[in-house]
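To keep things clear, I will list the structure first and then write my remarks on it.
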Amino acid sequence: MSAVALSARGVSKSFGSLNVARDINIDLPVGARYALIGPNGAGKTTLINLMTGLLVPNAGAITLAGEDVTALKPQARVKRGLARTFQINTLFAGLNPLEAVTLAVCERRGIADRFWQNIAGNKDAIEEAYEILSKLKLGDACYQTTRELPYGRQRLLEIALALATRPKVLLLDEPAAGVPHEESGEIFEVVAGLSDDLTLLFIEHDMHVVFRFATHIIVLVGGAIFTQGSPAEIAADPGVREVYLGTRKHG
Amino acid sequence: MLPPVFGVLFDGIAYGMLLFVLSVGMSVTLGLMNFVNLAHCAFAMLGAYVTVVLMKDFHWNFFVTLPMAFAVSALVSVAVERVLYRRLYRASDLDQVLLTIGLAFMSVAIAAWFFGTTQQPISVPSYLRGSISLLGLDLGVYRMFLIAVGIAVTVLLVLTLEHTRFGAQVRAAVDNQRMARGLGIDVDRTFAVTFALGSGLAGLGGALAIEIVGLDPQFALIYLVYVLIIVSVGGLGSIAGSFAAACLIGVSDIAGKYYVPQLGSFLIYLVMVAVLMWRPAGLFGRR
Amino acid sequence: MTQISTTSLTPQLYLQRQTRWRPIEIVFWAATLLPFWLFPTYLSLASQIAITGLFALSLDLILGYAGIVSLGHAAFFGIGAYTAGLFSKFVWGEPFSGLVAAAAVAGIVGYASSFIISRFRHLTLIMITLGLGLLLKEAANSAHWLTGGSDGLQGVSIDPVLGLFKFDLYGRTAYGYSLAVLFVVFLCARRIINSPFGLALRGIRENVVRMPAIGADSRAHIRKVYTIAAIIAGIAGGLLTQTTQTVALEVLSFERSADVVVMLVLGGAGRLYGGLIGATVYMIARDQFSGIAPQYWYFWIGALLVIVVTLLPNGILGGLSRLIRRWRRS
């Protein structure tokens, strides 16, 4: 059993009488490639929001590399190595990718509050940003304003921004959401090419992608963990077929 | 015999009821559409001038002019909503603020052009004037009338919102706009109707205000500050919040001017800042 | 952002080019010297424009770059104005030290209130800035012993600048002094905008939700920029006191807060020169139309706002750059 990178212990959250997370226990081992699946409204994004601190759980604890981070603000968790992407593009529409990723790099290096220094003087930060962008095939588009980028490129920029924080754990909320089927493979190739030290949890609806890239699958239904296991176990589980796979067409 | 503090309280609550009628429409439209309408009091001023014109030039009875003040403000607001506001629902706060304060500035100038910058007094029916002595207090009849109107408006609004189909749609849309759209509620139409009702109430409030605070073209700006304070203190989209905030601000303002006149409006600004520091979303706000 | 053949540039050179001085900027600053020869009778107005432009520049930092809508920015202008006035009365009349005092006091108050400001957004933020501004004005009005209340502060007298240039009736010294201060502060603001911190501010404006997800503490950034803006507004207020040798309660008024928002939006928020252009156009127009009764002046301001919002979303400078782009393409 390898070390645990991120874990949720008995995490619950409710809005009034609506339970969106019920006693959730998850352990992400270092270097894991986990998928989080479940029908719409199962609470997948809510779980990511709870882990990253956008929501505060009513009960339970989130630990990052053994340290309890439940009380920490989102930005403090990012500083400790927990990054995420968003299902709906949450980008800096008026900046270009180079500026956006440079900003994220500067924030990580703790130099984003330097108001006396010309941005162009930070050669290392700019080059690091450009390197990340090139790795995600955004190098040639890095001077184009974000809102003018093709949608698929914007999805890649989501990942680039998260990588610029040098995460140890990366939570990907439907990285290929809204991307045509033929292009979504490209995005997951990028995801698969990420460093082995990086711990990954991703939400995805396309079961082909899930079975191809995940080593372990967690099924979430109605805010609670329905079952979890290896892709083979999940594929063979008749209960999962019923609540999830059975409702989707194969093709 | 009651001490004079009750007299101050009475005047404050009467003033608060007036402010409530003026502001409740803006609170609901803000809660519903997140639309910051700084021209709200321009509609109130329009209602007030309707009453003045009808009483002075056409010798209508004060009470008959009130529904007209409501109707004219409501109709004009619908036209403005269709032509200008509609395109700004998704715009930034700043754009909304700029456009609507621009309209408020224009309304001040237009009112000055037609009616001059002087006060427009009206004479309300004699039975609304004077005061009644009760337990050693002099209670103004017009102020009692204001309290009655305020309570009547509150009851009507609550009944409409709680017990009609339209009210249910408004509540659903305030609660969760995306969900409401998903359920097939025509949020834009609901909003247009609510906006008209809210502006109509502002027009009614403007007409009722003439007797208490007078009427000149600056009305649209001076009372805008009061309305904004009540809306933010009460919490967006909450009728109960507006009611409570209007009472709080009305009493604070009258008490401040009575006991520490040299401080001017210091007290209500202080109340507002204090409440917002304590509860940024307002007394009854949820966001 | 200009789309010149950028593909061949390294990222660092690209960013450097973004921050380079453009010829049009040098022309602009050279043109600010023209009034000395072309309009020697309008130097007082020119000085007012420089001061108002500086005030608009300070608002641009928080509104245009960080997206914080403030309807109470005159508070810091007023604090600077009163500080400079009181400083000349009770300490000495040397102008530069008076400006430093104005900047320091405005900065301290700005820093203290930034802890309040950074907690809010949207309407609550607008109301808090408005409320704090109104509170300060009422406080200054009632502190008659210190501020002179609505009669204004009496007994302000300022020594010659550098011991050489007396403040004259024609505003020669006033304009030269204001322009010099404006230029120096502008250089600082320009550096701030082109710094990593400036980039973070643009990040806040573009998407405040994303900021924590890249590890940024937006509130700390907002506190810092709010303090900087307060300092600059304080300097502008101090300049007004020193060049006019009086302080009226009007320096704290809501109208001043609202006017500066209008100027900035008219010129183009989020552009370094937006506030300067907006203040110039606005002040000259007001001077030319001063014969009109104030209520009609506000009709045109209102109409202007409606037009800017519906037809010219990025102000004069935004409209111009769109025209230039279209012209280049065809």
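Values computed for the structure shown
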item	result
Residue match in the range A:193-208 (condition: surrounded by 16 or more Cβ atoms within 10 Å (Cβ to Cβ) and part of a helix (DSSP H, G or I))	yes
Answer from C:ALA31, C:ALA75, C:ALA103, C:ALA50 - the residue that is farther than 30 Å from C:THR129 by Cα and among the small types (Gly, Ala, Ser)	C:ALA31
Selected residue (only one of A:ALA76, A:ALA65, A:ALA83, A:ALA61 is within 23 Å of A:LEU198 (Cα to Cα) and surrounded by 24 or more Cβ atoms within 10 Å (Cβ to Cβ))	A:ALA83
Scan of the range C:138-150 for residues that are within 9 Å of another protein chain (Cβ to nearest Cβ) and either under 22 Å from the mean Cα position of the chain (by Cα) or not in a helix (DSSP H, G or I) (or both), ordered by number	none
Subset of the range B:2-23 [part of a helix (DSSP H, G or I), in contact (Cβ under 8 Å) with a residue 24 or more places away in the chain and farther than 18 Å from B:VAL213 by Cβ]	B:PRO4, B:PHE6, B:GLY7, B:LEU9
Cβ pairs under 7 Å, 6+ apart, first in the range C:8-21 and within 8 Å of another protein chain (Cβ to nearest Cβ), second loosely packed, with under 13 Cβ neighbours inside 10 Å	C:GLN12/A:LYS123
Residue within the range B:102-120 that is of a type in the set (Phe, Trp, Tyr), touching a Phe, Trp or Tyr at 6+ places or on another chain (Cβ under 9 Å), under 28 Å from B:VAL64 (Cα atoms) and more than 9 Å from chain C (Cβ to nearest Cβ) present	yes
Among the residues listed as C:THR227, C:THR173, the single one being at pLDDT 95 or above, at negative phi, not hydrophobic (A, V, I, L, M, F, W, C) and not in a loop (DSSP other than H, G, I, E, B)	C:THR227
Top-ranked residue of the range A:103-121 - restricted to ones that are free of Cβ contacts under 8 Å to residues at least 60 places away in the same chain and surrounded by 24 or more Cβ atoms within 10 Å (Cβ to Cβ), ranked as farthest from the other protein chains (Cβ to nearest Cβ)	A:VAL105
Filter pass, C:ALA248 being at pLDDT 90 or above and within 12 Å of chain A (Cβ to nearest Cβ)	no
Checklist (1) of a type outside the set (Ser, Thr, Tyr); (2) away from chain B (no Cβ under 14 Å); (3) outside any helix (DSSP H, G or I); (4) under 12 Å from C:LEU59 (Cβ atoms) applied to C:GLY270, failing item	(2)
Filter result for the condition that a residue is in contact with a helix residue (DSSP H, G or I) (Cβ under 8 Å, 6 or more places away or on another chain) and at pLDDT below 90, over A:LEU156, A:LEU200, A:LEU161, A:LEU245	A:LEU245
Cross-chain or 6+ apart pairs with Cβ under 8 Å, the range C:196-225 first and within 12 Å of C:ILE68 (Cα to Cα), then among the charged types (D, E, K, R) and in a helix (DSSP H, G or I)	C:ARG202/A:GLU99
Among (1) of a type outside the set (Val, Ile, Thr); (2) crowded, with 22+ Cβ neighbours inside 10 Å; (3) closer than 20 Å to A:ARG109 by Cα - the single one C:PRO212 does not satisfy	(2)
Matching residues in the range A:60-89 - criterion: being at pLDDT below 90 and at the interface with another protein chain (Cβ under 10 Å from one of its Cβ atoms)	A:ASN89
Elements of type helices (runs of 4 or more DSSP H) contained in the range B:168-287, each with 3 or more residues being at pLDDT below 90 and surrounded by fewer than 17 Cβ atoms within 10 Å (Cβ to Cβ)	B:177-182, B:187-213, B:239-259, B:266-278
Residue within the range A:151-165 that is of a type in the set (Ser, Thr, Tyr) and more than 21 Å from A:ARG33 (Cβ to Cβ) present	yes
The range C:60-87 residues that are more than 13 Å from chain B (Cβ to nearest Cβ), paired with ones that are among the hydroxyl-bearing types (Ser, Thr, Tyr) (beta carbon under 7 Å, 6 or more apart)	C:HIS73/C:SER257; C:ALA74/C:SER253; C:ALA74/C:SER257; C:ALA81/C:THR241; C:TYR82/C:THR147; C:ALA84/C:THR241; C:GLY85/C:THR241
All positions within the range C:204-217 that are facing chain A (nearest Cβ under 7 Å), assigned to a helix (DSSP H, G or I) and out of contact with any strand residue (DSSP E or B) (no Cβ under 9 Å at 6 or more places or on another chain)	C:GLU206, C:ARG210, C:PRO212
Of all residues making up the range A:147-168, the number that are within 11 Å of chain C (Cβ to nearest Cβ) and in contact with a Lys or Arg (Cβ under 9 Å, 6 or more places away or on another chain)	8
Qualifying residue in the range C:156-165 (condition: more than 14 Å from every other protein chain (Cβ to nearest Cβ) and either part of a helix (DSSP H, G or I) or surrounded by 21 or more Cβ atoms within 10 Å (Cβ to Cβ) (or both))	yes
Filtered residues of the range B:86-98 (kept if part of a helix (DSSP H, G or I) and within 11 Å of chain C (Cβ to nearest Cβ))	B:ARG87, B:LEU88, B:ASP93, B:LEU94, B:ASP95, B:GLN96, B:VAL97, B:LEU98
Residue within the range C:285-307 that is loosely packed, with under 13 Cβ neighbours inside 10 Å, polar (S, T, N, Q) and in a helix (DSSP H, G or I) present	yes
So C:ALA220, is it facing chain A (nearest Cβ under 9 Å), out of contact with any Leu (no Cβ under 9 Å at 6 or more places or on another chain) and either outside any helix (DSSP H, G or I) or under 30 Å from A:PHE86 (Cα atoms) (or both)	yes
Among residues of the range B:121-147, those that are more than 17 Å from B:VAL64 (Cα to Cα) and not in a loop (DSSP other than H, G, I, E, B), counted	12
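The values are calculated or read from the model by the stated rules, or taken from the named source; none is laboratory data. In this text the structure is predicted, and so the values were computed from the model without any measurement. Cβ sites come from the backbone with ideal geometry, for glycine too, and all protein chains shown count toward neighbours.
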